[in-house]
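Structure record follows, encoded as structure tokens.
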Amino acid sequence: MSKHKPAAAAKPQDPSSQLDLRPGQSIELLKELHILTRDGKLNQDSRRKLKQVYHLFHFIEKLLKELPASEQGPTLADHGAGKSYLGFIIYDLFFKALGQGSIYGIETRSELVDSSKALAQRLGFERMKFLNLSVAESAHSDALPDQIDVVTALHACDTATDDAIAFGLQKKAKYMVLVPCCQAELARALNKNKALNLQRTPLAELWRHPLHTREMGSQLTNVLRCLYLEAMGYQVTVTELVGWEHSMKNELILAKYTGQKKRSAAERLTALLEEFGLQELADTRFKVGT
């Protein structure tokens with residue numbers, strides 16, 4: 001009769017072996033972001049969360065690598081930063097090893113700004129700066145440099161995404177990475193002139209019902225933003241931010257500055273504003289000049 005050796009007890013796995021971690025990635029940061037528990041174990045869904053962040057970081061890392069070398073290094077402004085989850089991951093995976101460059105987290109909630117400052121200090125992320133400002137206010141703040149290489153705005157509600165675009169234009173951003181959210185401004189404008197537009201054009205049927213008004217406003221807002229960016233000299237790509245579970249809004253707009261302003265984009269932008277009865281926005285939010 002053969003004797004069987006007792007099975008060896010399973011060794012506890014190192015969390016880094018269960019996650020697709022990059023060399024030098026901070027375990028302490030992953031604990032602070034609740035990817036890992038305090039004793040280094042995986043939280044439920046933590047693998048999925050990290051995969052989502054990697055998915056977005058993949059886009060941003062590529063842009064950062066395409067930037068020309070400079071003495072001060074790359075600069076990135078993260079609007080509507082919240083807990084600066086994205087900013088910390090970008091710093092940890094790219095800026096830390098680079099040894100230069102700065103990330104600016106811009107957030108209106110002072111308690112989140114304070115907690116982000118404290119975490120950056122604990123981790124030694126000295127080139128992360130956090131500003132208690134709105135997106136619009138940040139464009140005129142002396143705390144930011146005159147030029148910013150990359151502008152990000154993830155789920156910045158309603159017109160905050162447009163403010164981020166205006167910020168990027170003012171700061172001569174080479175790249176903008178935008179995930180719009182809660183585009184209510186155009187829906188309100190469409191609703192205001194609904195009766196008149198129903199008489200004027202059959203296209204108004206597209207937003208006659210309240211649910212369609214909201215959806216149409218959201219879709220139209222992003223189309224106008226893309227045309228505006230093209231008219232201002234950016235090459236625009238629109239894709240899906242796959243697996244981002246924090247919001248149903250997962251449209252990702254990537255804009256790269258080329259300096260080639262598209263006259264056709266400006267003309268189509270103007271035509272769409274006229275068609276939908278939104279001409280007043282041509283002199284404010286979507287002003288392309290002559």
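Every read-out reported here was derived from the displayed coordinates using simple, explicitly stated rules and does not represent laboratory data. Quick caveat: nothing in here was measured; it's all calculated off a predicted structure. We place every Cβ from the backbone using ideal geometry, glycine too, and count neighbours over all the protein chains shown.
Brief remarks follow.
- Along the chain, longest interval not containing exposed GluC sites (Glu not before Pro), exposed being DSSP loop plus at most 13 other Cβ atoms within 10 Å: 127-244
- Counting beta carbons within 10 Å around each of THR284, THR213, THR37, THR108 and listing the fewest first gives the order THR284, THR37, THR108, THR213.
- Relative contact order for the chain, counting Cα pairs under 8 Å that sit 6 or more residues apart, in percent: 13
- In nm, spacing of pseudo-spin labels at GLU28 and ALA271 (7 Å Cα→C-beta vector): 5.8
- When the listed pairs LYS171/LYS256; LYS117/LYS287; LYS172/LYS287; LYS31/LYS172; LYS65/LYS256 are checked against a 25 Å cut-off, the alpha-carbon distance exceeds it for LYS117/LYS287; LYS31/LYS172.
- The charge dipole of the range 24-283, taken about its Cα centre with unit charges on the Cβ of Lys, Arg, Asp and Glu (plus for the first two, minus for the last two), comes to roughly 520 debye.
- Degrees between helix 210-231 axis and first principal axis of the chain (Cα, 0 to 90, nearest 10): 90
- Within the range 24-283, antiparallel bridges make up roughly 40 percent of the DSSP beta bridges whose residues both belong there.
- Counting only Cα atoms, the chain measures 91, 56, 35 Å along its principal axes, largest extent leading.
- For the chain, calculated [θ]222 nm from helices alone, where every DSSP H run of n ≥ 4 adds -39500 (n - 2.57): -12000 deg cm²/dmol
- Ranked for footprinting exposure by Cβ neighbours inside 10 Å, fewest first, ASP158, ASP146, ASP114 give ASP146, ASP114, ASP158.
- At R0 = 51 Å, FRET efficiency that the Cβ-Cβ distance of ASN193 and LEU67 yields, to 0.05: 0.70
- Among SER264, SER84, the order by Cβ neighbours within 10 angstrom, fewest to most, reads SER264, SER84.
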